[in-house]
Structures are given as C-alpha cells and as structure tokens.
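The values are calculated or read from the model by the stated rules, or taken from the named source; none is laboratory data. Because the structure is predicted, anything quoted here is derived from the model rather than measured. Glycine gets a Cβ as well: all are built from the backbone with ideal geometry, and neighbour counts include every protein chain shown.
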Amino acid sequence: MTRTAAASRTSRLHWLDLAGLGILAAGLLCWATGALPTADAVAGLTRVAPLVLFLGTVMAMVALVQASQLFDVAALALARLGRGSHAALFACCFLLATATTIFLNLDTTIVLLTPVMLALAAATRAPALALAMTTVWLANTASLLLPVSNLTNLLAADRIGLGFADFAARMWAPQLAVLAATALCLWLAFWRRRHRELDRYRVPAEPPRIDDRRLFWTAAAVCAGFVAAVVAEVPIQIVSTAGAAVLLVHCLRRRRDLLSWDLVPWRLLVLTAGLFLLVPALMRHGGDAAVSLLTAGADGDAGVFRAGLAGAGLSNLVNNLPAYAAVESVIPPGNPDALLGLLIGTNVGPLITPWASMATLLWFDLVSGRRSGIPADQRLRVPLGKFIAAGAVLAAVATTVGLATLVWL
C-alpha cells in the first residue's frame, strides 16, 4: 500500500475506530508487560470469545439480509400500522422494541429492528433519529424483566439462585417504572412536533419491488430461524453463526457481488477484546479498591442504590459487562437486593457513551452503515452531543426510579 493510500485509509477512520485500536493496544501492552498475567488474559479472552463470535457473524448476517430488501418490506408493514400518525407510530415502535427485548434479548432488538427503523424513516420521512433512538434506548432499558433479556441478567440470576418466575416477580415493578421513564424521555427529546418534518408521515402506497426473490426468501427464512432459535434458548453466537453461514453460502453460489471484507465489523471485535484485557489489568492494580470504595460501607436500601449507581457510572466508563463483573466481585454473598440493584445500573445506566454497552456499539455500527450494508440514503449521522446529553438525562432518571421501585416493593 502506498503512503498516500495508507493516509487516505487512516483519514477515513472514525474516532470510535481509533478508540478501539487504542484500547486493544493498551490491553495487549498490559499482557506483554506482565501487568495482566497470561492466565488472566487467556481467561478474559476465553470468556469474551462467544461475544466476539456473535458480533462478527451477526453483522455479516444483517448486511446480507439488508441486501435482500426484507427490512424494507417490514418497514412498510410498520408504516401502514401507524396510518400516518406519529403518536401511533411511536406506540407501535415502543411496544415492538420492548417486546423483542424482553422475550428475545437486547441484541436481537438491535440486529433486527435497527435496519427496519432506518428503512421506515427513508420510506415515510418520519424522524429517523427518533426511530433509531427508540430502538437503542429500549434495547437497554427494556432488558430487566427476564433472565433471557440480557447476559447480565443470566449472570445475576445464577448467583442469586432465582428461576424464571422468581426473577420476573422481583423485577416487574422496576421494569415498568423504567419503561415509563423511557417513554417520557423519548417523546420529549425526539418525538415531539418540533422534531418532525411533517405533521403526518407518508405511508407508501406500493410495496418495494423485490429484485432478487431467492435472496429475499432465504433471508426471511434465516430471520425466522434466528428468532425461533433465540426463543428456544440456543446460544446466540451459534444462532448468528448459522444464519450468517446460510446467507454466505447462498451468496457464494448466486450473489458474489455482495461479499466483501466490509462485512467484518473489526471495530467491534478489537474494542471488545481490548476491554476484556484492559479492565482486568486495571482491576488488579487498584481498580478493585476503587470499586470497593464506591459500594462498601452501606447496607440495606442505601447499599442497593450505591451498587446500582456504581454499576451505571462504571458502565459508561468501561462498558457494562466488565462493569458488572467488577462490582459483583466486591458485593458480599447473601445480598441479593444489591445484585439486583447492580443489574438495574448496568442494564439501564449505560446510555451515555457509545461504548457503554455492546448493544449500543452494535447500534452505532449499524446506523452508520459503514460495515453493515445499510444503503446510503438510510444511514444516520448521530449528533454525539445530543446522544450524550439525552442519554445522561434518561440514565439518571430511569436508574433512580428503577432502584427506588426495587427497594420500595
């Protein structure tokens, strides 16, 4: 590669690309210098390997499904359901995103609904940012009710010893409170009249013309199988790998023009691996003491609030999965309410920074369209300042009302 080509490629790197590369480099440096022992490094990478496999395969799957026009057809159905009313469309999108997050999981909401919302905005001139933010916020805030809704829920339920029904019995009231806060913040920040181009959005009269029906029906079968397998509790990385494999084989035989290295979401992969190297190193060198100071010294209701707020704050600094593991490690056994409070903090709180949760990182890669196959007219430039400011308000309000409801009932 010539110096000019290399410079051009570097200039096209998003700041999140550079952040991911920097975090991976820092994590590898900790490993190389012994700040992170090899055994701990291997354990961290082994733990994150299923997540990396999921991220790598699901982005390829989404890009190929996008090319099939399946998301365009789904967007038309959603547009017709709202009949031109922004309030009705908001209600439909809110309920759909909530249901997919609760009963499938937050990653499924991001993967399947984000492209539909972008296609919906392009076809109807409904506010694209409002539709996209509805998806990413509810993927996080609607993930409290069931163990299957979020990986952190499974970690907490295993440690506390709560089954499906018992977990839901403890979390239904906080989940409702958080959803109410999310609906209010979404409407005020993104859906009000001042954010819309039209008083009523345009409902397309005709369905989109399907250019490749074999690819369309293959993609439809893959998405149906994806949902069915998630419901059957097949590990999500196996589901995404199988779905991507089916589509890749189809494209190798019939649509090689859709295959390129851009299908590989390298930013997500390097950032995820880097976080699971860097955060354990920081925990070994003073991080555990700092986390203990945030959560120790308070019992009862105060302890629940401290655990939840610490989890929310750390999630926005380093990502919610390592944040959950860090705070969980300093909560003494026999304190299930503190663990549930931590769960509220690490599920609802990571709304401020783009890296606060893997779901949000996945969403950023999708809406940018840089490696997800989203057409240029459907890509979205997210104003980072507004994303951070609005996310900070919702994170503070929703985390507080969720924790308050948990300790009250």
A careful count of residues in the range 190-247 that are within 21 Å of residue 72 (Cβ to Cβ), among the charged types (D, E, K, R) and free of Cβ contacts under 8 Å to residues at least 12 places away in the same chain gives 3
Could you tell me which residue of the range 358-409 is farthest from the chain's Cα centre (by Cα), considering only residues that are at pLDDT 90 or above, closer than 30 Å to residue 67 by Cα and buried (at least 17 other Cβ atoms within 10 Å of the Cβ)? 387
Looking only at the range 114-163, and only at residues there that are free of Cβ contacts under 8 Å to residues at least 24 places away in the same chain and assigned to a helix (DSSP H, G or I), the one that is nearest to residue 75 (Cα to Cα): 147
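Condition check: in a helix (DSSP H, G or I), surrounded by fewer than 14 Cβ atoms within 10 Å (Cβ to Cβ), under 25 Å from the mean Cα position of the chain (by Cα) and without any contact (Cβ under 8 Å) to a residue 40 or more places away in the chain. Does residue 166 satisfy that?
Working: in a helix (DSSP H, G or I): yes; surrounded by fewer than 14 Cβ atoms within 10 Å (Cβ to Cβ): yes; under 25 Å from the mean Cα position of the chain (by Cα): no; without any contact (Cβ under 8 Å) to a residue 40 or more places away in the chain: yes.
Judged against the criteria, residue 166 is not a match.
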Conditions: (1) of a type outside the set (A, V, I, L, M); (2) touching a helix residue (DSSP H, G or I) at 6+ places or on another chain (Cβ under 8 Å); (3) surrounded by 12 or more Cβ atoms within 10 Å (Cβ to Cβ). Residue 233 meets all but one. Number of the miss? (3)
Quick check on the range 78-89. Is at least one of its residues touching a Leu at 6+ places or on another chain (Cβ under 6 Å) and surrounded by fewer than 21 Cβ atoms within 10 Å (Cβ to Cβ)? no
Of all the residues that make up the range 177-230, how many are loosely packed, with under 15 Cβ neighbours inside 10 Å and closer than 30 Å to residue 392 by Cβ? 9
Going by what's in this entry, would residue 117 be described as crowded, with 24+ Cβ neighbours inside 10 Å, closer than 30 Å to residue 250 by Cα, at pLDDT below 90 and not β-branched (Val, Ile, Thr)? no
Could you please find all residues in the range 131-179 being within 22 Å of residue 353 (Cα to Cα) and of a type in the set (A, V, I, L, M, F, W, C)? 131, 132, 133, 136, 137, 138, 139, 142, 144, 151, 178, 179
Kindly indicate whether residue 139 is closer than 29 Å to residue 383 by Cα, under 21 Å from the mean Cα position of the chain (by Cα) and surrounded by fewer than 24 Cβ atoms within 10 Å (Cβ to Cβ). no
Answer residue from the range 33-68, given it is among the polar types (S, T, N, Q) and under 23 Å from residue 261 (Cβ atoms) and is modelled with the lowest pLDDT among those: 66
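Does residue 287 satisfy the criteria of being over 15 Å from residue 62 (Cα atoms), touching a residue at least 24 places away in the same chain (Cβ under 8 Å) and in a helix (DSSP H, G or I)? Walk me through how you get there before you give the answer.
Values: over 15 Å from residue 62 (Cα atoms): yes; touching a residue at least 24 places away in the same chain (Cβ under 8 Å): yes; in a helix (DSSP H, G or I): yes.
Criteria met by residue 287.
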Checking residue 36 against (1) assigned to a helix (DSSP H, G or I); (2) in contact with a Gly (Cβ under 9 Å, 6 or more places away or on another chain); (3) more than 27 Å from residue 249 (Cβ to Cβ), only one condition comes out false. Which one? (1)
Of all residues in the range 272-300, which are at pLDDT 75 or above and under 10 Å from residue 338 (Cβ atoms)? 300
For the range 236-257: of the residues being exposed (fewer than 13 other Cβ atoms within 10 Å of the Cβ) and among the hydrophobic types (A, V, I, L, M, F, W, C), which is modelled with the highest pLDDT? 249
Of these, 272, 241, 182, which one is closer than 30 Å to residue 29 by Cα, hydroxyl-bearing (Ser, Thr, Tyr) and in a helix (DSSP H, G or I)? 272
Filter the range 306-331 down to the residues that are of a type in the set (A, V, I, L, M) and more than 16 Å from residue 392 (Cα to Cα), then identify the one that is modelled with the highest pLDDT. 307
